[in-house]
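The values are calculated or read from the model by the stated rules, or taken from the named source; none is laboratory data. Since we're looking at a predicted model, the values are computed, not measured. Don't worry about glycine lacking a Cβ; one is built from the backbone with ideal geometry, like all the others, and counts go over all protein chains shown. Side chains are part of the model used for accessible areas, which takes the heavy atoms of the whole protein and leaves out ligands, DNA and RNA. Shrake-Rupley method; radii C 1.70, N 1.55, O 1.52, S 1.80 Å.
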Amino acid sequence: MPIRAVLWDIDDTIFDYAGADRTGMRLHLEGVGLPEAYASVDEALDDWKAITDRHWARVAAGETDFLGQRRDRVREFLSRALTDAEADDWFAGHVTHYEAAWTLFPDVLPALDRLAPDYRHAILSNSSTGHQHRKLTALGVRDRFEAMVCAVELGISKPEAGAFHAACEALALDPHEVAYVGDEPDIDASGAVAAGLTGIWLDRRGRGGRSDLVRITGLDQLPGLLAGDTRFGAPDTFG
């Protein structure tokens, strides 16, 4: 049976999360100052990303919630014991700059336009529904997706099969009728395949090295892949 819908990851797939987060934190640090533990802004930004990755993994594992990971990221980054209110206040300064830097990747709208006549579209994210709804609305693409399933409300996260199945159920489609596109090879593409979907790894950074996955390096390659110009199951096809 052909693919009838595309299920999308958001952060670093259609939305340049890493770029916005780094820009936002750089501007925030210009205002509040560099934490004492860091010799340079770039060192601090690299550590902020590593801290962010660790604490989002805790969310996925059910060890903390959305607000908890934000607060714990701030405490670790500043190496200080802070109350929840103090951590929230510090993070709010970053959010102001981060949200001002929100942007779609330039290949997103052309791909969505090309795919719209032939495929339905939905979201599966390991974040929260309110946060992602507001983000996609601000970026002007929320109405492109008929359903949005997020881990915080669902109670399970990618790469668990139940997360992918819940998104398929929201579309009233079987997993084999759905392709999932995401930037993480394990959480996104491998998780989707294990759940019975067609998993597609969007390898924007050209990391490669995963011969077991269907891989694209830009969304301009996705319409041809879905249309059958490139055989599904031929791993590492592009780039």
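Data table
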{"item": "Within the range 80-110, considering residues that are under 21 Å from Leu34 (Cα atoms) and of a type in the set (S, T, N, Q), the one surrounded by the most Cβ atoms within 10 Å (Cβ to Cβ)", "result": "Thr96"}
{"item": "When residues of the range 137-169 are limited to those that are among the β-branched types (Val, Ile, Thr) and out of contact with any Ser or Thr (no Cβ under 9 Å at 6 or more places or on another chain), the one surrounded by the fewest Cβ atoms within 10 Å (Cβ to Cβ)", "result": "Thr137"}
{"item": "When residues of the range 184-225 are limited to those that are over 17 Å from Asp16 (Cβ atoms), in contact (Cβ under 8 Å) with a residue 24 or more places away in the chain and charged (D, E, K, R), the one least open to solvent (accessible area, probe 1.4 Å)", "result": "Arg215"}
{"item": "The range 1-46: number of residues that are within 21 Å of Ala92 (Cβ to Cβ) and either in a helix (DSSP H, G or I) or touching a Leu at 6+ places or on another chain (Cβ under 8 Å) (or both)", "result": "21"}
{"item": "Matching entry among Asp84, Asp9, Asp65 (being at pLDDT 95 or above and more than 22 Å from Arg204 (Cβ to Cβ))", "result": "Asp84"}
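The rows are residues; the columns are (1) farther than 25 Å from Arg205 by Cβ; (2) assigned by the TED database to the domain that holds Val149; (3) at pLDDT below 95; (4) open to solvent by less than 50 Å² (accessible area, probe 1.4 Å).
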{"residue": "Tyr38", "(1), (2), (3), (4)": "no, no, no, yes"}
{"residue": "Asp46", "(1), (2), (3), (4)": "no, no, no, no"}
{"residue": "Ala50", "(1), (2), (3), (4)": "no, no, no, yes"}
{"residue": "Asp72", "(1), (2), (3), (4)": "yes, no, no, yes"}
